[in-house]
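Structure first, then comments.
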Amino acid sequence: MEKNPWQTLSSRQVYDNPWIAVREDQVLTPAGQPGIYGVVHYKHRALGVIPIDEEGHTYLVGQYRYPLQAYSWEIPEGGGKLDRDPLSEIQRELAEETGLIARRWRLLLRMHLSNSVSDEEALLYLAWDLRRGTPHPEGTEQLRLWRLPLHEAIERLHAGQFTDSLTVAGLLYVETLLHRKALTLPPT
C-alpha cells in the first residue's frame, strides 16, 4: 500500500443532483504546493453487458448521447444503484433496453472509468442463454437495437466505430478471451 501524498485542507460540495455530486477540495499537492482538486462522486455504478445469443450474435443499443451531441452505438448499459445487487441491476437494464432475458451470466471485469476526476466504478458482464421479449426503455431513452455477429462488432470496434468506454473495454476483453480460448461461441 502506498501512502497518500496528497493532503486535503478543506472540502466543499459545489454541485449535487440525483446522479452526481461535485466537490472542490483545497489541497497540498505531492510537491507540497497549494492547489485545488475537483472530484465527481457518482451515485450509481456503471453497468454493461455483452449478450451473446445461440448463433454467436451480440446486441448493441443505439441512442443519441446529449453530452457528446452525437449518436452512439453501445452495449446495453446503465446505472445501478450502489445499495443494490449489481447483477440484478444489469439484468433489469438488459430487459428494459433490449427485451432480452439471460439465464447465464459471468462477471467479466471491474474498472474505474475516469479515476483522475471521479470515483465511478463500472462492472461488465457477459450474458447468454437468451430469451427474447419486449423492450421497455425509460422515458428518457429513444433506443434502436442492432443484432450483429460478435466478430463483426469486434471488427467495427477496431475500425473506430465505437467509442463508449464500456463497449470498448467489454468487446476487447471478450476478444482476448476468445483469442486465449477461454471462451467459446456460443457460450455453454
Partner aspartates and glutamates whose C-alpha sits under 15 Å from that of K43, ignoring same-chain residues fewer than 8 away, are D16, D83, D85, E89, D119, E120, E121
What dipole magnitude, in Debye to the nearest 20, does the chain give about its Cα centre under +1 on Lys/Arg Cβ and -1 on Asp/Glu Cβ?
280
The farthest towards the positive end of the charge dipole of the chain, of the residues W128, L82, L166, given +1 on Cβ of Lys and Arg and -1 on Cβ of Asp and Glu, is W128
Where does the longest stretch of the chain lie that holds no chymotrypsin sites (Phe, Trp or Tyr not before Pro) found in a DSSP loop with 13 or fewer other Cβ atoms within 10 Å?
20-188
Volume per residue, Å³, of the convex hull around the alpha-carbon atoms of the chain?
161
For the stretch 126-139, Karplus couplings with θ = phi - 60° (6.51, -1.76, 1.60), whole Hz, Gly/Pro x
10, 9, 8, 6, 8, 10, 9, x, 9, x, 9, x, 5, x
Based on Cβ point charges of +1 for Lys and Arg and -1 for Asp and Glu, what charge dipole magnitude is obtained for the stretch 96-173 about its Cα centre, in debye rounded to the nearest 20?
480
What full-extension length gain, to one decimal in nm, is calculated for L68 and R180 as 0.36 nm per residue of separation minus the Cα-Cα distance?
36.8 nm
Once the mean 1/r over all distinct Cα pairs of the stretch 2-75 is inverted, what Kirkwood radius in angstroms do you read off?
16.2
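Taken together, the values in this text are just the output of simple stated rules run on the coordinates, not laboratory data. Since this is a predicted model, take the numbers as computed values, not measurements. Because the Cβ atoms are built from the backbone with ideal geometry, glycine has one as well, and the counts that use them run over all protein chains shown.
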